[in-house]
1. Please report, as a whole percent, how much of the solvent-accessible surface of region B:9-157 comes from carbon and sulfur atoms (probe radius 1.4 Å).
2. So for region B:9-157, taking the charge dipole from beta-carbon charges (+1 Lys/Arg, -1 Asp/Glu), which of B:V15, B:N34, B:G92 sits furthest toward the positive end?
3. Just checking the output field for B:151-158: average partner chain Cβ neighbours within 10 Å of each residue's Cβ?
4. Write out the chymotrypsin sites (Phe, Trp or Tyr not before Pro) in region A:140-190 meeting two conditions: DSSP loop, and at most 14 other Cβ atoms within 10 Å of their Cβ.
5. Averaged across orientations, what area in nm² does the convex hull of the alpha carbons in region A:233-277 project?
6. What is the ratio of the Cα radius of gyration of region B:9-157 to 2.2 N^0.38 Å, with N the residue count, to two decimals?
7. Loop-only GluC sites (Glu not before Pro) in region B:64-159, please: DSSP not H, G, I, E or B, and at most 12 other Cβ atoms within 10 Å.
8. Quick one: compute the contact order of region B:1-139, relative version, from alpha carbon pairs under 8 angstrom and 6+ residues apart, as a percent.
Amino acid sequence: MADICYEDETSACESRPLWSSRKWRIGVQRFRMSPSEMNPTASTTEEEDKSEGIYNKRNKQEEYDFMNCASSSPSQSSPEEESVSLEDSDVSISDGNSSVNDVAVIPSKKTVKETDLRPRYGVASVCGRRRDMEDAVALHPSFVRKQTEFSRTRWHYFGVYDGHGCSHVAARCKERLHELVQEEALSDKKEEWKKMMERSFTRMDKEVVRWGETVMSANCRCELQTPDCDAVGSTAVVSVITPEKIIVANCGDSRAVLCRNGKAVPLSTDHKPDRPDELDRIQEAGGRVIYWDGARVLGVLAMSRAIGDNYLKPYVTSEPEVTVTDRTEEDEFLILATDGLWDVVTNEAACTMVRMCLNRKSGRGRRRGETQTPGRRSEEEGKEEEEKVVGSRKNGKRGEITDKACTEASVLLTKLALAKHSSDNVSVVVIDLRRRRKRHVA
Amino acid sequence: MKTSQEQHVCGSTVVQTINAPLPLVWSILRRFDNPKTFKHFVKTCKLRSGDGGEGSVREVTVVSDLPASFSLERLDELDDESHVMVISIIGGDHRLVNYQSKTTVFVAAEEEKTVVVESYVVDVPEGNTEEETTLFADTIVGCNLRSLAKLSEKMMELT
């Protein structure tokens, strides 16, 4: 199938030189782009400026973390100083690789326990039989860092956006939605996830309209003469993963599915126009659902919620449905994917396939195309001895393999979708949720 | 079409007022070979025959996730004096059979404003009602005319 083009590890590798040059220019030493991050965007001046802002923010955050640790040192007694020393050691480890250790200090027991290592994840996107790629994927581990007197926690963001009509709304969601969620998360003290996500999606929807009125991306097919683009939109299925919870916000017909103890648990429900409650909402708003090659709002759009699509407002709303799920030891992984996958693969089949990949007894697996520095290798080997994988003894013990396994699982799902004659773009993110623990006794 | 019974036909009219002078609006609207400038749902357009004048046939590809992917359309009439344009859809993978639209452009009662009137007739597809068919077509035509209005007004700001 000549039209099929995969974008997975290859393009991720290709994106590294660009990132390296950026790193040098802005002087950030610690931040490293994840090798599995997808769809690198060509830099524009505007984007570079924005990127610098983002990285500077993270840099300050890291400085803040470090200062907080340092400032607590003088007040500690002798035994606890050793504990602080261990924390410093952890911090230095995290500088060298993308697995970040977080430490919860329990003074009475003098035990340090990590609970929210950066999860392993992989992504694959394929154009498929359609000529244009209109999907986008956003991967932002540690996009929110929360600090209290007793703990530091990091939250991780994953988003999948399936554009229609053109690609620029999905591309815009990829660039901005996680920033809006971050702003809402940092300003919200009560962690009211439903409201935070609803505000983020509403702001994203308005930005898409406003943005269309002023700027047009050079890499989408719309011409400068038609800046309003009312008829372009995107789905958005977003997951924020914290140490305690999995939050999913969904708008449209992409989907999030959790695999828990071998069973598929949907964390989102597709917004199809003939879903009874959606049908009621549309009709009460004065709209109609017409069966025109399937159920469509006004006979035109085959989903009932989307970011953008201004010409179909208020019938097609951008309000997300939000689920908040407590994490358990039985959680294995989370799949976020577009309907290019879910239209032809059941939740159960997808979970079974991913499970096979993640539980494969492949040990070291292949390292084709990977480059490693000696220092990095020794760090990983050291870390490996300290890790214990909870939930599956069959899993490869190296963290790196798990990342690779997640990517392989994503690729396998896209291939399965194409084999089942999906006629759409397919984008898949697989996130390994099994906890890894590390204990120190001071 | 079955000769033994008449096909059920329906039609509708969509009106759009534009804050821009008629010559500007007409110059955009009349480009049979380049509908993409204001029709959101058009991805590409190429002439199958003719030079853009009467009798020309264009093949339009449609943007993603709509209930169609291409449409064959013929320019039946283009009158630069009375500002009338008649287009028939003669093929494609959509359900708008025997669709013909007539678009007429007037100067509004208020000077410097233009009124665009698009009237169409089309067969009612099997399985749908007349109301559903006109609602679908009105949505597409309405979106196109609103886009034409925004583009014309924007171009006028630039002059």
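The values are calculated or read from the model by the stated rules, or taken from the named source; none is laboratory data. Every value quoted in this text rests on a predicted model; they were computed, and no experiment measured them. No Cβ is skipped: glycine too gets one built from the backbone with ideal geometry, and neighbour counts run over all protein chains shown. For accessibility, only protein heavy atoms count, side chains too; no ligands or nucleic acids. Shrake-Rupley method; radii C 1.70, N 1.55, O 1.52, S 1.80 Å.
1. Carbon plus sulfur share of accessible area: 50 percent.
2. B:N34
3. Neighbouring Cβ atoms belonging to other protein chains average 1 per residue here.
4. Those that pass, being in a loop and sparsely packed, are A:F150.
5. Computed as one quarter of the Cα hull surface, the answer is 4.2 nm².
6. 1.01
7. For GluC sites (Glu not before Pro) across region B:64-159 that sit outside H, G, I, E and B with at most 12 neighbouring Cβ atoms in 10 Å, the list reads B:E81, B:E110, B:E111, B:E112, B:E126.
8. Relative contact order here is 27 percent.
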